[in-house]
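These notes are about the structure you will find just below.
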Amino acid sequence: MNASVAHRTVVVIPVFDHEHAIGAVVAAVRSHGLPCILVDDGCSPGCAAVLRQLAAADPQAITLLVHPHNQGKGGAVMTGLRHAAAAGYTHALQIDADGQHDSADIPRFLAASQAAPQAVINGRPVYDESVPKGRLYARYLTHVWVWINTLSLEIVDSMCGFRLYPLAPTLQLIDRTTIGRRMDFDTEILVRLYWRGLRVHNLATRVRYPADGVSHFQVWLDNVLISRMHARLFLGMLLRAPLLLGRSCWRRLGVGVGVGGRKP
């Protein structure tokens, strides 16, 4: 099969009131020749107008989807992924709307995905001095829980919103499992994809905080949701522990294990 047919990638950008940064993010993505799906996740009128202008200026390459009410980052990403698959794309590159991710790394993500089309290509953040120290240190608690809940160190960082998904297995998971729709989404979907046998390839990428100074992390609500997520995943890990331990052993020995724990 022709590689261009076998591997069709679109960029999915969840947007909630990042009107000052989203134009530059879209321009950077389009400079690599990739189409975009923008998901207006209940934006304010000002941001919604900016998104409509971006879509109208490049209707062949930019699709705008609109949530009448905010559903959370995870809800917006899932809407974008479903639309991408329905439009015939095989892979979707998720990137945040606030400009914190280095779009110059997009070709590296594409190349890594083309080399391993059934793997998730996961951003491993390399921070500059702009990162808030409290947020940086707090991330390590989630990292430790992810390593426990996968019985593996394969997922180096589960919270980076710059990653490339193979759509078929990702949507199979989304359609069969309830996954967090807010800031818990990025971590939970990565752990559950790992449970289903997908490889996670970590790619170092520079991250800066954030271009427009807007963060939608709600400290109390999102921390409660993330804590509940880790508890659910821990219980799920206990049920899957023999499979996960066996898979880790096989991978350390250099033996491939396919989706669902099967050898390819």
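The values are calculated or read from the model by the stated rules, or taken from the named source; none is laboratory data. Since this is a predicted model, take the numbers as computed values, not measurements. Positions of Cβ are backbone-derived with ideal geometry, glycine not excepted, and every protein chain shown enters the neighbour counts. All accessible areas refer to the heavy atoms of the entire protein, side chains included, with ligands and DNA or RNA removed. Shrake-Rupley method; radii C 1.70, N 1.55, O 1.52, S 1.80 Å.
Among the residues of the stretch 155-174, the one identified as open to solvent by 50 Å² or more (accessible area, probe 1.4 Å) and more than 19 Å from LEU233 (Cβ to Cβ) is ALA168.
Check ALA112, ALA104 and return the single one that is within 21 Å of HIS32 (Cα to Cα), open to solvent by 10 Å² or more (accessible area, probe 1.4 Å), in contact with a helix residue (DSSP H, G or I) (Cβ under 9 Å, 6 or more places away or on another chain) and assigned to a helix (DSSP H, G or I).
Numbers: ALA112 fails: in contact with a helix residue (DSSP H, G or I) (Cβ under 9 Å, 6 or more places away or on another chain).
Testing whether each residue is within 21 Å of HIS32 (Cα to Cα), open to solvent by 10 Å² or more (accessible area, probe 1.4 Å), in contact with a helix residue (DSSP H, G or I) (Cβ under 9 Å, 6 or more places away or on another chain) and assigned to a helix (DSSP H, G or I) leaves just ALA104.
If you check LEU243 against the conditions, is it open to solvent by 40 Å² or more (accessible area, probe 1.4 Å), under 27 Å from ALA116 (Cα atoms), at pLDDT 85 or above and of a type outside the set (D, E, K, R)? Spelling it out, LEU243 is indeed open to solvent by 40 Å² or more (accessible area, probe 1.4 Å), under 27 Å from ALA116 (Cα atoms), at pLDDT 85 or above and of a type outside the set (D, E, K, R). Within the stretch 158-196, the set of residues being under 18 Å from ALA116 (Cα atoms) and among the charged types (D, E, K, R) comprises ARG163, ARG196. Has the stretch 183-196 got at least one residue that is of a type in the set (Lys, Arg), part of a loop (DSSP other than H, G, I, E, B) and touching a residue at least 24 places away in the same chain (Cβ under 8 Å)? Yes: one or more hits.
Here VAL191 clears all of (1) surrounded by 14 or more Cβ atoms within 10 Å (Cβ to Cβ); (2) in contact with a Lys or Arg (Cβ under 8 Å, 6 or more places away or on another chain); (3) not acidic (Asp, Glu) except the condition numbered (2). Count of the stretch 52-82 residues, restricted to those that are closer than 27 Å to GLN114 by Cβ and without any contact (Cβ under 8 Å) to a residue 60 or more places away in the chain, is 7.
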